[in-house]
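Undergrad: Input: one structure, supplied below.
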Amino acid sequence: MITNLDTYFIETTDRYYNRLVNIYNKRMAKANDREYTHKEFTNYCGAILNMRYEANDREEIVNALEIYYKIGKEFSLAIKTLRESLHKRISRDTVDFLAVTSDNENPEFEVVSTSKEPETFFIDQYTDMELVRIFAEFKSYQKFKEFLKTANSITEPSSTSDNLEKSKDFTTARQVLAVHYLLKFANVKNVDKTEIARFIQFLTGKNFDNIYKKLQSPFKLNDKSLREDLRFVRDYFERLGLFEIVKMINNEISS
């Protein structure tokens, strides 16, 4: 069975990232000095990104795949393009030179074709899945680095409730999605949407009518921001270690 590289990338990235967050949360829960422990994780993450992806052959792989990833190119096509590009460069690096035979009395010249050892030749050592795995690991550490920037303050109370309500990130749509997955995880069934809307209003203080409208169709097919909202909500569940909910959201994103 042929593995879909795009699915493999999502699953592998999430697996690596979830493992890093899980280890971090466990260490922080046991730490006597949380600030020091957080700093050590930050230094470790930066060192990994530098040593594995910014100071060796893998840098060219991740830089190229990052470009293809940003424009939404399928990994199977992206890797094919990358290989072709590097092989063309190898061909350009092939040079001809003149070599003298060992017979000094009757010197003859012959053209010898030789290939340099270009730095890009290493790519042929990896299968397509291995290249995706390298990029997935890189993205997971990148994501973990961003997580660490806010993780130490995630439990800090906001200065005022007004700041929370006014935040452009804490939209009604995202809050409805979060409660939807919490109730699904808790196996809550056959509850009138009116009651759910009241519960969300109790938690968020948002307008009841707006909440109820979102509950009617939380996964609108024409909503271009849905994937972005799902990723935003997913980050909070990852920080809580609720990986069953994370898996539900991943399934929705990849569907």
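The values are calculated or read from the model by the stated rules, or taken from the named source; none is laboratory data. These numbers were taken from a predicted model, which means no experiment stands behind them. In this analysis, Cβ positions are derived from the backbone assuming ideal geometry, glycine residues included, and neighbour counts consider all displayed protein chains.
Undergrad: Against the condition modelled with pLDDT under 65, out of contact with any Leu (no Cβ under 6 Å at 6 or more places or on another chain) and over 26 Å from D14 (Cβ atoms), how does D124 come out, does it pass? Walk me through it before giving the result.
TA: Values: modelled with pLDDT under 65: no; out of contact with any Leu (no Cβ under 6 Å at 6 or more places or on another chain): yes; over 26 Å from D14 (Cβ atoms): yes.
The answer is no for D124.
Undergrad: Something else: Filter the stretch 20-55 for residues that are within 17 Å of F135 (Cβ to Cβ) and of a type outside the set (A, V, I, L, M, F, W, C); which is modelled with the lowest pLDDT?
TA: E54
Undergrad: Residue by residue through the stretch 39-64, note down the ones that are polar (S, T, N, Q) and part of a helix (DSSP H, G or I).
TA: Within the stretch 39-64, the first condition is being polar (S, T, N, Q), and the residues that meet it are 42-43, 50, 56, 63.
Hits for the stretch 39-64 are T42, N43, N50, N63.
Undergrad: Can you find, within the stretch 205-238, the residue that is modelled with the lowest pLDDT among those that are of a type in the set (F, W, Y) and either surrounded by 14 or more Cβ atoms within 10 Å (Cβ to Cβ) or under 30 Å from K26 (Cβ atoms) (or both)? Walk me through it before giving the result.
TA: Let us first name the residues in the stretch 205-238 that are of a type in the set (F, W, Y), namely 208, 212, 219, 232, 236-237.
Then keep just the ones that are either surrounded by 14 or more Cβ atoms within 10 Å (Cβ to Cβ) or under 30 Å from K26 (Cβ atoms) (or both); that gives 212, 232, 236-237.
On the way: Y212: 84, F232: 89, Y236: 90, F237: 92.
In this case the residue turns out to be Y212.
Undergrad: Which of the residues spanning the stretch 239-248 are within 16 Å of E11 (Cβ to Cβ) and loosely packed, with under 14 Cβ neighbours inside 10 Å?
TA: Passing the criteria: only E244.
Undergrad: Scan the stretch 39-63 residue by residue and report those that are over 29 Å from L86 (Cα atoms) and under 21 Å from the mean Cα position of the chain (by Cα).
TA: As a first pass, look at the stretch 39-63 and keep what is over 29 Å from L86 (Cα atoms): 39-45.
Answer for the stretch 39-63, where residues must be over 29 Å from L86 (Cα atoms) and under 21 Å from the mean Cα position of the chain (by Cα): F41, T42, N43, Y44, C45.
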